[in-house]
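Reviewing the structure listed below.
The values are calculated or read from the model by the stated rules, or taken from the named source; none is laboratory data. Remember, predicted model here, so these are calculated numbers, not experimental data. No Cβ is skipped: glycine too gets one built from the backbone with ideal geometry, and neighbour counts run over all protein chains shown. Calculation scope for accessible area: heavy atoms of the full protein, side chains included, ligands and nucleic acids excluded. Shrake-Rupley method; radii C 1.70, N 1.55, O 1.52, S 1.80 Å.
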Amino acid sequence: MRDILYTVAYDDAHELVLAVNAVKGQRYHCPECKGEMIPRRSVEQKKGAKRPHYAHKVKSPNCEPESVLHFGFKRLLSQRIQRHLDNKEPLPIKWRCGACDREHEGNLLKKAARVEEELSLGPCRPDIVLSTNADSPVWALEVVVTHAPEEQALTYYRQQRIALARFDLKSDT
């Protein structure tokens, strides 16, 4: 498939750690299967050398790097949004509009006061939901690694006037 590596893992304090920040000798666990992971870093910095990543100590047959990429990106994005909300800082965003095909920019958090992962909105469950203080969803954030949101979810977002930001990930870089 794609050249996707395991780039995030939990440490013993249950903090998500990027492979580039991993400390050799510390214990790490897979966010998906909870198996023990070992940080790997190529000592050679030449072309073709692998970038920092984790490897399972014992590979779980049902654990795929695409699932961990999806989870890790979603969690790190959610944490970044929460930091911006906590500090009352804007979070600039640029997007190409599907209606007018022009590029727009603005503050992702202009109307948002809360961030939640996997919040059920009835017929759908976006990866991340940004809501107002009155719990009214204003943004649905979808992280796409292997499959796009279903048409039912897209229709719901349009009908409820919930803006959609879609992050299409092709690799872990």
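Compute the whole-percent fraction of alpha carbon pairs in segment 83-173 spaced more than 15 Å apart. Summing the P(r) tail past 15 Å for segment 83-173 gives 63 percent.
A crude spin-label estimate for the pair Leu85 and Arg51, with each label 7 Å from Cα along the Cβ direction, gives 2.8 nm.
For segment 7-94, state what percent of all Cα-Cα pairs lands in each successive 10 Å bin, counting from 0 Å until the bin that includes the largest distance. Taking all Cα pairs of segment 7-94, the binned fractions are 16, 41, 29, 13, 1 percent. Proximity of backbone amide H atoms, modeled 1.01 Å from N, is registered between Tyr6 and Tyr54 at under 5 Å, excluding neighbours fewer than 5 places apart on the same chain. In this entry, segment 75-131 is assigned a mean projected area of 4.6 nm², taken as a quarter of its C-alpha convex hull surface.
Computed in the context of the full set of protein chains, the accessible area of segment 123-173 at 1.4 Å probe radius has 45% of its extent on carbon or sulfur. Protection proxy ranking, highest mean first, for peptides 128-141, 8-21, 90-103: 128-141, 8-21, 90-103, where packing is the per-residue count of other beta-carbon atoms within 10 Å, averaged.
Applied to segment 161-168, the Karplus parametrisation 6.51 cos²θ - 1.76 cosθ + 1.60 on θ = phi - 60° returns per-residue 3J(HN,Hα) values of 6, 9, 5, 10, 10, 10, 10, 8 Hz, with x for Gly and Pro.
Distances between placed amide hydrogens fall under 5 Å for Leu91 paired with Leu108, Leu109, all partners being 5 or more residues away or on another chain. Using the 1.4 Å probe convention, the accessible area of segment 1-158 works out to 62 Å² per residue with neighbouring protein chains retained. Using the Cβ of Asp86 as centre and a radius below 13 Å, the other residues enclosed give a net charge of +3, where K and R count +1 and D and E count -1. Relative contact order of segment 112-173, taken over Cα pairs closer than 8 Å and 6 or more residues apart, is 28 percent.
Using the Cβ of Leu141 as centre and a radius below 15 Å, the other residues enclosed give a net charge of +3, where K and R count +1 and D and E count -1.
Reported value for the chain: 162 Å³ per residue, from the convex hull of its C-alpha atoms. With each label modelled as a point 7 angstrom along the Cα→C-beta vector, the Asn107-Thr155 pair spans 3.6 nm.
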